[in-house]
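Encoded as structure tokens, the structure appears first; notes follow it.
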Amino acid sequence: MNKVLIVSRTKMQNDMVCVSGIDLENGTPIRLFNHNGYHESKDECPYNIKDIWNIDYCKINIRPLPHSEDVRVLQRNFVETLPASSMCDAIRDSGATIYTGNIGNVFEGKIIKDEKGKLYINNDNVPQNSTCFWISDHVMSRNDYNGKVRYRYKDFTNQWGYSIPFVGFENPLGNIPAGTLLRLSLAHWWKPENSEDEKKCYLQLSGWYM
């Protein structure tokens, strides 16, 4: 069994939860499904951010790249909950990849910035993972839209900046300071219904560690 640090819990439809962790043995990012290969409901899911679990897991390949992190949990035992102040050190010590600099560097530099302020990948250049860590180089200001929590990233390559939805359960911050360790993820491949546009994976903010 491997020690796994839980790093995010994000919202899904029908009160389901997407839970991700990193294997502390080697820094490998994993997304935790139950023993039947399904997400767990919000009320039944035992994992919380900062928890360390001993987990026996196996890879499941149910989705195309970049969603390569999916694993099925065979056995699990709770170990401990880290203090919030230890999370950054635990992530760094695991050897997990942490991007720095401009947000365009994340996901192997394959993020596309469009003139409408969207950040995404397309089928022309797909990274090997759909989750990553990044140390922000600019303040991220809260800028909600249509009832959804969003943060605006401004690097002066776009007049209005880039809008990133927050999909975690934590209480949103007004501003996320530059230099904060963040967790980013790529949503499922999607395009508007009846649209001729190509499918894209849009960038999401999953959480932060301070």
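Out of the residues in the stretch 29-59 that are in contact (Cβ under 8 Å) with a residue 60 or more places away in the chain and of a type outside the set (A, V, I, L, M, F, W, C), state the one that is farthest from Asn77 (Cα to Cα).
Within the stretch 29-59, the match that is farthest from Asn77 (Cα to Cα) is Pro29.
Among the residues of the stretch 60-92, which ones are loosely packed, with under 12 Cβ neighbours inside 10 Å, within 26 Å of Ile111 (Cα to Cα) and modelled with pLDDT of 95 or more?
The answer is none; no residue qualifies.
Does the stretch 61-76 contain any residue that is under 18 Å from Trp208 (Cα atoms) and either outside any strand (DSSP E or B) or touching a Leu at 6+ places or on another chain (Cβ under 6 Å) (or both)?
no
Give the stretch 172-187 a look and list any residue that's open to solvent by 40 Å² or more (accessible area, probe 1.4 Å) and either modelled with pLDDT under 95 or small (Gly, Ala, Ser) (or both), or say none.
Gly174, Ala178, Gly179
Restricting the search to the stretch 7-29, which residues are under 19 Å from Phe169 (Cα atoms), in contact with a Ser or Thr (Cβ under 8 Å, 6 or more places away or on another chain) and of a type in the set (A, V, I, L, M)?
Within the stretch 7-29, Val7, Met16, Val17, Val19, Ile22 meet the criteria.
When both residues are 6+ apart or on different chains and their Cβ atoms are under 8 Å apart, which pairs have a first residue that lies in the stretch 87-103 and is assigned to a helix (DSSP H, G or I), and a second that is open to solvent by 50 Å² or more (accessible area, probe 1.4 Å) and at pLDDT below 95?
Sorted first by the residue in the stretch 87-103, then by its partner, the pairs are Cys88/Met210.
Only residues that are closer than 19 Å to Asn102 by Cβ, open to solvent by less than 50 Å² (accessible area, probe 1.4 Å), not in a strand (DSSP E or B) and not polar (S, T, N, Q): list them for the stretch 136-171, please.
If the condition is that a residue be closer than 19 Å to Asn102 by Cβ, open to solvent by less than 50 Å² (accessible area, probe 1.4 Å), not in a strand (DSSP E or B) and not polar (S, T, N, Q), then Asp155, Gly161 are the ones that fit.
Would you check if there is a residue in the stretch 3-13 being modelled with pLDDT under 95 and either surrounded by 14 or more Cβ atoms within 10 Å (Cβ to Cβ) or within 17 Å of Thr131 (Cα to Cα) (or both)?
Yes; the residues of the stretch 3-13 include at least one that is modelled with pLDDT under 95 and either surrounded by 14 or more Cβ atoms within 10 Å (Cβ to Cβ) or within 17 Å of Thr131 (Cα to Cα) (or both).
Output the residues belonging to the stretch 157-185 that are under 18 Å from Phe133 (Cα atoms), in contact with a Lys or Arg (Cβ under 7 Å, 6 or more places away or on another chain) and β-branched (Val, Ile, Thr).
Ile164, Val167, listed by residue number.
Looking at the stretch 198-208, is at least one residue open to solvent by 60 Å² or more (accessible area, probe 1.4 Å), assigned to a strand (DSSP E or B) and either of a type in the set (D, E, K, R) or modelled with pLDDT of 95 or more (or both)?
yes
So which of Glu115, Glu108 ends up being closer than 30 Å to Thr157 by Cβ, part of a helix (DSSP H, G or I), touching a residue at least 12 places away in the same chain (Cβ under 8 Å) and among the acidic types (Asp, Glu)?
Glu108
The values are calculated or read from the model by the stated rules, or taken from the named source; none is laboratory data. Given the structure is predicted, the values throughout are model-derived calculations rather than measurements. Neighbour counts are summed over all protein chains in view; Cβ atoms, including those assigned to glycine, are modelled from backbone coordinates with ideal geometry. Just the protein is used for accessible areas: all its heavy atoms, side chains included, with ligands, DNA and RNA removed. Shrake-Rupley method; radii C 1.70, N 1.55, O 1.52, S 1.80 Å.
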